[in-house]
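Structure first, then comments.
The values are calculated or read from the model by the stated rules, or taken from the named source; none is laboratory data. All values derive from a computational prediction rather than experimental measurement. Heads up, the Cβs are rebuilt from the backbone with ideal geometry, glycines too, and the neighbour counts pull from every protein chain shown. Remember, those area values only see protein heavy atoms, side chains included, never the ligands or the DNA or RNA. Shrake-Rupley method; radii C 1.70, N 1.55, O 1.52, S 1.80 Å.
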Amino acid sequence: MIRFEDVSVTYDGAAEPTVRHVDFEVPEGELVLLAGPSGVGKSTVLGAVGGLVPHFTGGTLSGRVTVAGRDTRTHKPRELADVVGTVGQDPLSHFVTDTVEDELAYGMESLGLAPDVMRRRVEETLDLLGLADLRSRPIATLSGGQQQRVAIGSVLTPHPDVLVLDEPTSALDPAAAEEVLAVLQRLVHDLGTTVLMAEHRLERVVQYADQVVLLPAPGAAPIIGAPADVMAVSPVYPPVVGLGRLAGWSPLPLTIRDARRRAAPLRDRLAGRDIPDHTPPPSAPLPAPPAARPVTSRWRRRRKLPETTSGPSPYAAQVRSLAVRRDGVQALRHVDLTVSPGETVALMGRNGAGKSTLLSALVGLVEPSAGSVRAGDAVPHRTAPRDLVRRVGLVPQEPRDLLYADTVAAECAAADRDAEAAPGTCRALLTELLPGVTDDTHPRDLSEGQRLTVALAVVLTARPPLLLLDEPTRGLDYAAKARLARILRGLAAEGHAIVLATHDVELAAELAHRVVLLADGEVIADGPAADVVVASPSYAPQVAKVLAPRKWLTVAQVREALS
């Protein structure tokens, strides 16, 4: 169905090809997973299937890509639209209408389908993806995960023969991700749809793949094979595979069930050993932020608010009986939360539970309809941006909200000036987080995960006492996540408070002192990470599921205990 024949892609101005000598075939009715570290060209390979590369992106494509017999060099994206449905990393760039129902119908209208067919398919897709309650909602009012489901639904309704998906579960909570993957399985098994998917959260998808195409490094030829065989040599692999490698299991398990069947000897070896704690208790409070000349906050650059502050607080953040109503929706209700200096708190819950709204309240982007919010000694929505930037920093889901310069170097230089940091501070942070990105790269030419990393470096440059991160691991591979975890753990040890909204249960297990679960805008659980996540079938990390009932959370803990 999809055939790559010695394909190389070189973008305009690039010294080297982004991908080279890509040669593989995706048979009809199979789900093929495209894996590899960040920045190796996975999005470029996916873009070539629908003709976006090079017709839309520019550059030079050598070799040949064919889809259902159509050569993408001679067929532009609109001439492949009836065969290929594509969902990119950024759902916002995908939408062309205002409401959920209109977006689901748009692709079918473009193909000229009959109204009765369109109506039936819209209803089927609303039910398949759990979107029925959102059908009349403006897309702009949805959470990131809800928007991701709408984007996927909009390419399902035309019933394409080929689906190309770039990080389809990155913004989804675990339950929603399972629902989407179940739909994809049904399309593959029952309807013969061909799916080519790139995904960094391999723990979610690798067990469903018929084949894995691994891009091991930039410009390297791909490795193709059965999932267990490729995972044995892959530089990126899920925790269950890491546990299998550590224990010497062969073949490597891809599912929790397979791992549990082999884990009895490992559980016996660990029975008398203490579980290492990689999250030391919160440290002493940081000193009060120094007075500074006016500095403009990037995420609130155009807001003109009077400055009001109150007395010193022993907490980095304190929320009391908070309620927030946004666009006619009660996003938060009766929320109480206290975060101490040096504490890392993971906000978790299904898409639309209120996690991003709570972060927005902590940084002053939304005003409470009831209750109170404090960030240190500041009331965020009443504090001038030039003062608030010294107390709290937010890395949003969409990095475009922070990045506006033409080059990475310019972004870093602006971050240094805004934070009154020594020149090169932001660049050094970025190099530690994301090696290999050059100064002259335009942020829009980076992958979604790379752009998020640049935004993170920009915010970290100011070293705010309270750091807020909204889905910080979207688009990051396991190595990048490990580097991020190391930096955040160091900041917490210095006294910075960190609150991160995440669907990444493995990151929460690695970093968080506490996990706060939200549902329908309310806190339903708040406690030590090991207690909260292990008690939840949806939010327990893979290692915890394999080694239950003891509360092992990560492969690193097991490795340290065995050594």
Inset, instruction - Could you check the simple spin-label distance between D268 and V117, using points 7 Å along Cα→Cβ, in nm with one decimal? - result: 6.2 nm
Legend entry - nm² value of the averaged projected area, convex hull over the Cα atoms of the range 319-394: 5.2 nm²
Legend entry - For the range 1-27 versus the range 200-274, the gap between their alpha-carbon centres in whole angstrom: 27 Å
Inset, instruction - Pop out the ³J(HN,Hα) list for the range 376-392 in order, Karplus 6.51 cos²θ - 1.76 cosθ + 1.60 with θ = phi - 60°, rounded to Hz; leave Gly and Pro as x. - result: x, 9, 10, 9, x, 6, 10, 10, 4, x, 5, 9, 5, 4, 7, 10, 8
Inset, instruction - Consider all pairwise Cα distances in the chain and report the whole-number % of them above 34 Å. - result: 40 percent
Inset, instruction - Report the calculated FRET efficiency for D377 and Y106 (r = Cβ-Cβ distance, R0 = 51 Å), to the nearest 0.05. - result: 0.55
Inset, instruction - Could you tell me which of rounded, prolate or oblate describes the range 488-563, using a ≥ b ≥ c as the square roots of the eigenvalues of the alpha-carbon gyration tensor, with rounded for a/c under 1.5 and, failing that, prolate when a/b is larger than b/c and oblate otherwise? - result: oblate
Legend entry - Paramagnetic reach from A217 (point 7 Å along Cα→Cβ, amide N under 17 Å) across the range 15-53: 16-22, 36-42
Legend entry - J(HN,Hα) series, the range 412-425, from Karplus relation 6.51 cos²θ - 1.76 cosθ + 1.60, nearest Hz, glycine and proline x: 5, 5, 5, 5, 4, 5, 4, 8, 6, 8, 4, x, x, 4
Inset, instruction - State, as an integer percentage, the relative contact order of the chain based on alpha-carbon contacts under 8 Å between residues 6 or more apart. - result: 15 percent
Legend entry - Whole-Hz couplings from phi, Karplus 6.51/-1.76/1.60, listed for the range 471-483; x for Gly and Pro: 6, x, 9, 4, x, 9, 7, 5, 5, 5, 5, 5, 5
Inset, instruction - Take the Cβ-Cβ distance between A15 and R70 as r, set R0 to 25 Å, and report the resulting FRET efficiency rounded to the nearest 0.05. - result: 0.20
Legend entry - In nm, spacing of pseudo-spin labels at R400 and Q185 (7 Å Cα→C-beta vector): 3.4 nm
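In whole percent, how big is the carbon plus sulfur part of the accessible area of the chain, probe 1.4 Å, protein atoms only? Kindly include the intermediate steps, with their values, before the conclusion.
Working: 11300 of 22330 Å².
With neighbouring chains kept in place, the figure for the chain is 51 percent.
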Legend entry - At R0 = 56 Å, FRET efficiency that the Cβ-Cβ distance of Q330 and D6 yields, to 0.05: 0.50
Legend entry - Label-point separation in nm, T438 to A561, each point 7 Å along Cα→Cβ: 4.7 nm
Legend entry - Under 5 Å, built H, 5+ apart or other chain: amide partners of A525: L517
